[in-house]
Amino acid sequence: MNIILAGMPGCGKSTVARILGKKLNFRVVDTDELIVEKYGVISEIFEKFGEECFRNFETQVVKDIASADNCVVSTGGGCLLREQNRSLFKSCGKIIFLRTKLDTLSKRLEGDATRPLLKGDMQGRLQKLMQERAPIYENSADIVVDTDLLTPEEVADKITELIL
């Protein structure tokens, strides 16, 4: 079984994945890191080829992950937007939505210039992304964990309690 962490940019997926991986002795996989390894820098993919191309690369990476076992997967914020990705993840593990409030996300992402979809009016873009994505995360999730008042270690502990 795999544990798939989903949520908005800044919700803590990568950090919690590393903690969970150590705790459970699972391999840690980050979809964005795999895309960079296979296809190049994400911001450059967006600039040169557009979001659709990036999403195609992302789906290819998800297919690769779905055949693995005992992984903690940190997904890119938009990874679950495609039904195909959601189905692949459902078939190989449990999807955990790390639900985080907009204010918390804004504080965590302040000064982060590495996210192509948040360039410009970060607060406004985050809010728009949240409106689009939160219902998808909610509907896809096997488990929802509210992260706002928890440390990454506490989030990992809560997930472990709920899954094992």
- Message: Being outside any helix (DSSP H, G or I), touching an Asp or Glu at 6+ places or on another chain (Cβ under 9 Å) and open to solvent by 10 Å² or more (accessible area, probe 1.4 Å) is the filter here; which residues of region 1-25 pass it?
- Response: MET1, PRO9, GLY10
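Every residue, every condition in (1) β-branched (Val, Ile, Thr); (2) under 18 Å from SER140 (Cβ atoms), yes or no:
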| residue | (1), (2) |
| --- | --- |
| ILE35 | yes, no |
| GLY50 | no, no |
| CYS53 | no, no |
| VAL62 | yes, yes |
| CYS79 | no, yes |
| SER87 | no, yes |
| LEU109 | no, no |
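The values are calculated or read from the model by the stated rules, or taken from the named source; none is laboratory data. What you see is a predicted model; the values in this text were computed from it and never measured. Using ideal geometry, Cβ is built from the backbone for each residue, glycine included, and neighbour counts are taken over all protein chains shown. Surface areas here come from the heavy atoms of the whole protein model, side chains and all, with no ligands, DNA or RNA. Shrake-Rupley method; radii C 1.70, N 1.55, O 1.52, S 1.80 Å.
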